[in-house]
Amino acid sequence: MGSAQLRFQAFLQRPGFVGDLLGRLEAQTGVQRDYLAAGAIAFLGLYLMFGYGASLLCNLIGFVYPAYVSIKAIESSTKDDDTTWLTYWVVYGLFSVAEFFSDTFLYWFPFYYAGKCLFLLWCMAPVSWNGSQVLYRNVIRPWFLKHHQTVDSVLSDLGGRAAHVASTVSREASKEAMRTALRTED
């Protein structure tokens, strides 16, 4: 038996939501939890390829579990899990923005949602080489380090301009209110 298969079986035996659910189903049906899990994965894969609402299902997979463990990470006392899930959300956000601009073309590819779901699962996988870590270290971080001073400068300039515009609008609104008050007194 391969090590991946042994880890998969160990995961299915672990106490927790998945292990407990599979344990109850195994007790009720008499079907081994390995087969139940494989059947659920196969059904999910086929649904992502051919089912109605595959987009919603894919987005739920990419959001619900990471949101849950992110909240747990916030509530924990360690910093490592916070960093892990912040990295996931940065990659997820960039992927969502890229997907927004390319969705017209991507949806024409067969099995797009199955591929997207696999990508998101890779990004949240509990291994050191998961997609979030790989993409962050090799793409996002180098780009950020190269361009962050320019972006900070532009944002600072925009912030200053926005404050100036807000001040000007507020000042003009006050003047107009005074003029209106003076006209109503006459």
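Assorted remarks:
- Subset tally (residues that are exposed (fewer than 10 other Cβ atoms within 10 Å of the Cβ) and acidic (Asp, Glu)) for the range 161-186: 2
- Conditions (1) modelled with pLDDT of 80 or more; (2) among the hydroxyl-bearing types (Ser, Thr, Tyr); (3) open to solvent by 60 Å² or more (accessible area, probe 1.4 Å): number failed by residue 107: (1)
- If the condition is being modelled with pLDDT of 80 or more, surrounded by 14 or more Cβ atoms within 10 Å (Cβ to Cβ) and not small (Gly, Ala, Ser), then the range 34-54 contributes 34, 36.
- Selection of the range 20-58 for residues being over 25 Å from residue 114 (Cβ atoms) and either aromatic (Phe, Trp, Tyr) or part of a helix (DSSP H, G or I) (or both) yields 20, 23, 24, 26, 27, 28, 29.
- Which numbered condition residue 6 misses (of (1) out of contact with any Pro (no Cβ under 8 Å at 6 or more places or on another chain); (2) under 29 Å from residue 142 (Cα atoms); (3) open to solvent by less than 100 Å² (accessible area, probe 1.4 Å); (4) free of Cβ contacts under 8 Å to residues at least 60 places away in the same chain): (2)
- Looking across the range 112-132 at every residue that is buried (at least 18 other Cβ atoms within 10 Å of the Cβ) and not hydroxyl-bearing (Ser, Thr, Tyr), the one that is farthest from residue 49 (Cα to Cα) is identified as 130.
- Pairs linking a residue in the range 135-164 that is within 19 Å of residue 83 (Cα to Cα) to a residue that is open to solvent by less than 60 Å² (accessible area, probe 1.4 Å) and modelled with pLDDT of 90 or more, with Cβ atoms under 6 Å and 6 or more positions apart or on different chains, are 135/91; 136/87.
- Cross-chain or 6+ apart pairs with Cβ under 8 Å, the range 57-82 first and more than 21 Å from residue 41 (Cα to Cα) and without any contact (Cβ under 8 Å) to a residue 24 or more places away in the chain, then among the hydroxyl-bearing types (Ser, Thr, Tyr) and part of a helix (DSSP H, G or I): 70/88; 73/84
- On inspection, residue 158 does not qualify as within 22 Å of the chain's Cα centre (by Cα) and either modelled with pLDDT of 80 or more or of a type in the set (S, T, N, Q) (or both).
- No other residue among 47, 68 is farther than 23 Å from residue 135 by Cβ and hydroxyl-bearing (Ser, Thr, Tyr) apart from 47.
- Screening residue 84 against (1) farther than 24 Å from residue 50 by Cβ; (2) exposed (fewer than 14 other Cβ atoms within 10 Å of the Cβ) leaves a single unmet condition, (2).
The values are calculated or read from the model by the stated rules, or taken from the named source; none is laboratory data. Since the model is a prediction, treat every value here as computed from it, not as a measurement. Here Cβ is always computed from backbone atoms with ideal geometry, including for glycine, and neighbour counts include all displayed protein chains. Heads up: the accessible areas ignore ligands, DNA and RNA and are worked out on the full protein's heavy atoms, side chains in. Shrake-Rupley method; radii C 1.70, N 1.55, O 1.52, S 1.80 Å.
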